[in-house]
1. Considering only residues that are closer than 13 Å to residue A:357 by Cα and surrounded by 13 or more Cβ atoms within 10 Å (Cβ to Cβ), which ones fall in the range A:381-411?
2. How many residues does the range B:355-384 hold that are of a type in the set (Asp, Glu) and at pLDDT below 85?
3. Might you let me know whether the range B:93-100 holds any residue that is in contact (Cβ under 8 Å) with a residue 60 or more places away in the chain, touching a Phe, Trp or Tyr at 6+ places or on another chain (Cβ under 9 Å) and not small (Gly, Ala, Ser)?
4. Enumerate the pairs (first residue in the range B:19-48 and more than 14 Å from chain A (Cβ to nearest Cβ) and farther than 13 Å from residue B:207 by Cβ; second residue anywhere and in a helix (DSSP H, G or I) and small (Gly, Ala, Ser)) with beta-carbon separation below 6 Å, excluding pairs fewer than 6 apart on the same chain, so at least 6 apart or on different chains.
5. Name the pairs: first residue in the range A:134-163 and facing chain B (nearest Cβ under 7 Å) and more than 27 Å from residue A:56 (Cβ to Cβ), second residue charged (D, E, K, R) and part of a loop (DSSP other than H, G, I, E, B), Cβ to Cβ under 6 Å, at least 6 apart or on different chains?
6. Could you list, in sequence order, all residues of the range A:85-98 that are part of a loop (DSSP other than H, G, I, E, B) and surrounded by fewer than 24 Cβ atoms within 10 Å (Cβ to Cβ)?
7. For the range A:102-121, what are the residues that are within 12 Å of another protein chain (Cβ to nearest Cβ) and either in contact (Cβ under 8 Å) with a residue 60 or more places away in the chain or under 16 Å from residue B:417 (Cα atoms) (or both)?
Amino acid sequence: MNYDARGWAVHKDSTHPFDTPAEHIDNGAVRPDPVRYTSKSFARDEWEKVFTQAWLMAGPVSDVREPGDWMKFDTGVESFIIVRTDEGGLAAHYNVCPHRGSRLVMGDVGSQDAFTCPFHSWRFALDGKNIAVTDPETFRPEVLCHDTSLTSVKVEEAAGIVFVSMADNPPPLADYLGPILPMLEAYRMEEMHVVQHRRSDWAANWKGGIDAFYESYHLHAIHPQTMGILDDRTHIDLYPGGMSRQFVPFGQPNSHFSDQDGINPGIAAMLADAGLDPATFQGSAQDSRSAIAMAKRDRSAKLGLDYDRFSDAQLTDSVIFGIFPNAQIGCHPEAVFLHRFKPHADDPERFTYETTILYRHVDVPGYGAPLWMGLGDDVDLTGETRPDVVHTGLGEPPGMGEVLDQDSDLLPIVQAGARSRGFRGPLWGEQEARLRHFHVELDRWMGR
Amino acid sequence: MNFDFRLWDIHVGAQHPFYTHSYIDNGTGRSSPARYHDPAFAAEEWEKVFAKSWLIACPLSDIPEEGDFARFDIGGESFIIARGENGAVHAHYNVCPHRGSRLVLDDLGSVSKFTCPFHSWQFDLTGENIAVTDPETFRPEVLCHDRNMTSVRCEVAVGLVFISMDPDIQPLKEWLAPILPQLELYDIDQMYVIQHRRSDWGANWKGGVDAFAEIYHLHAVHPQTQCLMDDRTQIDLYPGGLSRQFVPFAQPSPRFGDQESVNPGIALMLKDAGIDPATYTGTAKETRAAVQVAKRNRAAQYGLDYDKFSDSQLSDSTVYSVFPNAQIGCHPEAVFLHRFLPHATDPNQFTYDTIILYKHVDAPGYTPPAWMGLSEEIDTSGGTRPDVVHTGLGEPPCLGEVLDQDSDLLPIVQAGARSRGFRGPLWSEQEGRLRHFHAELDRRMSADGPAT
């Protein structure tokens, strides 16, 4: 008998189609072999069978809007250039010169009309075609008969996000994303732009990152400071292909938080964020979430934000989508958080956590990003300047705010234990159903 | 149809026998890039190439006296090269037969015997055991196993000590024959170390060999050299993966816009040769010939035997590849010994070791050329052997602008060479030495028995 998460009534009284629960998928109750977190040969296999075959989230469309705009996307041992071509389409290439293998671009984003290799200045058009070999007369013709153009990969965009695939014949991206695509489209990410971009190296397997970000069961232990305002009574939906979503209710206390009624400082801040005065608010902490939803609807009507397309839960909560294999998107009407868990080239006990905040600029006085997003005053919300990527190394505090820094402290500790011969494999609760769903899909790919 | 380097006609004036061109056709194939990153390839390469080649261990000038030793580390191994009685040179694994401890940790030293730091067993310079501590506590059968150091083959040519882990390897001078008489012209045996740097780079050792074996990249990676170094070149290939290349100095590359004016780089080279740039009336294109004439005049004045050198040898860098992992850049005044040392376990790392060997000329006004970038503090008299300066991975090696540019670039090339999108290198004839080196490597890798 499974635990019925609907008992938690995250969507109490909602008739909005967005809140419709997915059909149940039974992923069983087995305990997987923990070798998946540590073994080099598992990681090599995983790279070949999963990463080189799947669609991978490369970045937001806003980084490649105009012809010549490019972004670099690194994952594992690979690096890709995604570029908007002169015809307006997208192209994606291995960031590798066919001459001797040098990387072509080193920056994260840029704009240019051709790519020039730093090693011997061979040049390539945006579509990857070779346009100049330096000193061609010094090559024997048979050498240049080997292909001199860049090696390209498949690229598609959906819901404002660019995906690439190294597979020869991947399924269409829309089919791959399946039922979550229309849900993602509701957020109109193609109209958003990057306001923060952080990258940090963590001492854990990339799936340890997925596992931590795919459940809110650990909030009370690792992030107790969130208990006044973030509920761990959640709603989880599983979709085919390893996709999933989860509602994390904001603006109401956690089940483990003792005072369920008092307006604690966190709730007060959330009320104020939504334009409600905590001093005159009449309800209890239990009522604040619906009050916030209502206040956001009022503001939307005033500012013409078209929030009718969103359910109440979408207005208040974090609606989080898991995109197989290694991405997660936390959605809010105002902004979305792209999280990627990128495997290390060689070491299964390291990954790079990359997080990008995409924001919708509303040019109205008084409208801004919710406070809890932690965007500093120095952040340009207008989209005029694309912020640089801030990269922190292994063991450095990522400086991503208290919650993420707590995760980065904890993950190496979990990784260390997961390596032990005394660890017999994870025991997942139904609050961790997205983890099981992800791992079952991973096993399916690994078995191919 | 091959590119004919003679079209570039880089040699000024009369043909000299030193310029004789030597060509080997290595085809036009594209090598598998696994060689740059695959640990299995690296393990096999160690066994089939490094364990079966002559490897440059140290200059003989580092061990002039009996008891002097030099340590030579490569891959997972460390060797001791020691000067024994009557000038003999011995080479041993730097390993105590008792429990395996390293015996010496310093780069260089002088001892009457080697003493293990672990249990103080002692060995003479030939590697023979001279003391086991508390021998009475060993069962005699244990000490009946060999308790001497394990020695390796060791021979000397052109003032350099070579070692080989292969006991059956052909004599050094037989193998080195195609370039030996050329190298001998430089009297490296009369030179000594005036600078020794070592730095760890994030690339395969062959990425290092590749970058140093061609000047096709100068315009892109080292644009500051274009005003005074020509990239029109002559490349010669010899059996056994050996090769040489001329890099013309003191004339601008054809890619450099101004071929006439005496730019600051050219002026520096003129000054080096004793010509005053202020009164020099020639163009930049004529500088190389002027430098050659000036050097000949100076040789006569100082009594230097430059008659044995061609004009190009006086002005240019004449660079030799010594298979598998060494290059020697030769100048009449000094030579640059470059070694590309594979990492013990990681094919994505190597150690670049570079030594400047200099021949002291005790004449007023004679100094090493300024372009060599030797700082004022350097003792060029040979009185002091400088310490090895070692920089770690990711640290700027501080080897001068050109080498620092290479060390920045190589990890970028390595990263791409590991990609599944890289289908193998496309070598031009300007990169003929790379193809030649890899062809020899492939020959060794496909050999079943001991390579010869």
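1. Listed by number, the residues that qualify are A:381, A:383, A:386, A:387, A:389, A:390, A:400.
2. Taking the range B:355-384 and keeping what is of a type in the set (Asp, Glu), we get B:362, B:376-377, B:379.
With at pLDDT below 85 added as a condition, the list becomes B:376-377.
Summing the residues that are of a type in the set (Asp, Glu) and at pLDDT below 85 in the range B:355-384 gives 2.
3. If we filter the range B:93-100 for residues that are in contact (Cβ under 8 Å) with a residue 60 or more places away in the chain, which is where we start, we get none.
Checked the range B:93-100: no residue is in contact (Cβ under 8 Å) with a residue 60 or more places away in the chain, touching a Phe, Trp or Tyr at 6+ places or on another chain (Cβ under 9 Å) and not small (Gly, Ala, Ser).
4. Final answer for the pair search is B:41/B:34.
5. What qualifies is A:146/B:30.
6. First, the residues of the range A:85-98 that are part of a loop (DSSP other than H, G, I, E, B): A:85-89, A:95-98.
The answer is A:85, A:86, A:87, A:88, A:89.
7. Passing the criteria: A:102, A:103, A:104, A:105, A:106, A:117, A:118, A:119, A:120.
Conditions tested, residue by residue: (1) under 18 Å from the mean Cα position of the chain (by Cα); (2) within 19 Å of residue B:233 (Cβ to Cβ); (3) touching a residue at least 60 places away in the same chain (Cβ under 8 Å).
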{"residue": "B:389", "(1), (2), (3)": "yes, no, yes"}
{"residue": "B:401", "(1), (2), (3)": "no, no, yes"}
{"residue": "B:411", "(1), (2), (3)": "no, no, yes"}
{"residue": "B:432", "(1), (2), (3)": "no, yes, yes"}
{"residue": "B:436", "(1), (2), (3)": "yes, yes, yes"}
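The values are calculated or read from the model by the stated rules, or taken from the named source; none is laboratory data. All figures in this text were calculated on a predicted structure; none of them were measured in a lab. Don't worry about glycine lacking a Cβ; one is built from the backbone with ideal geometry, like all the others, and counts go over all protein chains shown.
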